[in-house]
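Since the structure comes first, as structure tokens, the remarks are kept for the end.
The values are calculated or read from the model by the stated rules, or taken from the named source; none is laboratory data. What you see is a predicted model; the values in this text were computed from it and never measured. Here the Cβ positions follow ideal geometry from the backbone for every residue, glycine too, while neighbour counts run over all protein chains shown. Keep in mind that these areas ignore ligands, DNA and RNA; they rest on the heavy atoms of the full protein, side chains included. Shrake-Rupley method; radii C 1.70, N 1.55, O 1.52, S 1.80 Å.
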Amino acid sequence: MSGKLIVFEGVEGGGKTTQLKRCSNWLRSGGLQDCLGTLAQTIPLVVTREPGGTLLGTKVRQLLLDKDSSPIHPRAELLLYAADRAEHVEELIKPQLVNGAIILCDRYTDSTIAYQGYGRGIDLKLIEQLNQIATAGLESDLTLWLDIDVEIGLERARQRGKVDRMEQANLAFHRRVQQGFQQLYQQNPDRMVRVDASYSEEEVHNSIQKIFRERLRTWFQEPSILS
Ligand code: T5A
């Protein structure tokens, strides 16, 4: 597959959605051309998210995140996220990678490890197996971990006004999730890059731009152009 899957991860309110939007606007309005020259015209850009990147996923997202829905058992929750992902990978991600696209995705497999594994306490090996089934082994090419203090992130999410079912969980849960992302970062130094999300939107965007410039050139340009 010739495209690239780039994932934005982290605890609530870290600014994933904000930065993903800024990043796609920048790439579309000349950033991609800036990095790759005329090659940029041949590379589609796709923005998506989990849960909710497909028609089925939109319905699953409603079930999972509606703050008024009745409680969901952790194993049922795990399977719903996996079902969303299996559909997403087969219907959107894989075909777009074959098409050569750069895909910007709001959350992917690491969220399941952090939230359902570290947060809910479900066996990590089981989750890895389920992630494997859901993705048929497809990993991200790059994961940006937007690292923010849990309390600051939740406060940002609260100030925005709407709080979903996951955000209603207690602080201890979100701290365990944060610990999960920290572990994942330590275990996957090639795939994961930490971005300090405590700075202003503009500063965080500049850090992300820098990472993109380096990676895009490494991935897409001929070795002769680099030297
Ligand atoms: N989930 C997901 C699982 O449990 N398992 C899984 O396998 C998967 C895939 C997804 C939920 O599902 C869970 C995790 C989540 O709980 P979602 O709606 O996609 O739900 O929720 P989040 O991804 O958490 O989205 P949030 O909107 O809560 O957080 P973001 O996207 O990190 O933050 P964002 O960009 O919306 O920003 C939040 C607020 O902060 C401001 C923004 O303007 C906004 O008001 N902000 C900043 N303020 C100050 N400084 C900055 N640098 C700022 N950046 C943004």
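Fully extending the segment from Lys59 to Trp219 would add 54.1 nm, taking 0.36 nm per residue of separation and subtracting the current Cα-Cα distance. Here the simple spin-label model places points 7 Å from the Cα toward Cβ, and for Glu139 and Ile72 these points are separated by 2.7 nm. Ranked by solvent-accessible area (1.4 Å probe, protein heavy atoms only, all chains present), the residues Trp219, Trp26, Trp145 order from largest to smallest as Trp219, Trp26, Trp145. Computed from the C-beta positions of Gln159 and Lys21 and an R0 of 22 Å, the FRET efficiency is 0.75 to the nearest 0.05. Were the residues from Glu91 through Arg28 laid out at 0.36 nm apart, the gain over their Cα-Cα distance would be 20.3 nm. Peptides 28-41, 58-71, 130-143, ordered by how many other C-beta atoms sit within 10 Å of their residues on average, highest first, read 130-143, 28-41, 58-71. Surface composition of segment 131-202: carbon and sulfur make up 44 percent of the accessible area, probe 1.4 Å. Listed by chain and number, the lysines whose alpha-carbon sits under 29 Å from that of Lys21, ignoring those within fewer than 8 places in the same chain, are Lys4, Lys59, Lys67, Lys94, Lys162, Lys210. Once the gyration tensor of the Cα atoms in segment 1-60 is diagonalised, the equivalent ellipsoid follows with semi-axes of 25, 16, 10 Å, ordered largest first.
For the chain, the solvent-accessible area works out to 50 Å² per residue, with a probe of 1.4 Å and every protein chain left in place. Using the Cβ-Cβ distance between Ala172 and Leu124 with R0 set to 22 Å, the FRET efficiency works out to roughly 0.75. Our helix-only sum for the chain, with -39,500 (n - 2.57) per DSSP H run of n ≥ 4 divided by its residues, gives a mean residue ellipticity at 222 nm of -15000 deg cm²/dmol. Alpha-carbon geometry of the chain: the Rg and the Dmax are 17.4, 58 Å, given in that order. Computed from label points 7 Å out along Cα-Cβ, the spacing between Asn206 and Gln187 is 3.5 nm.
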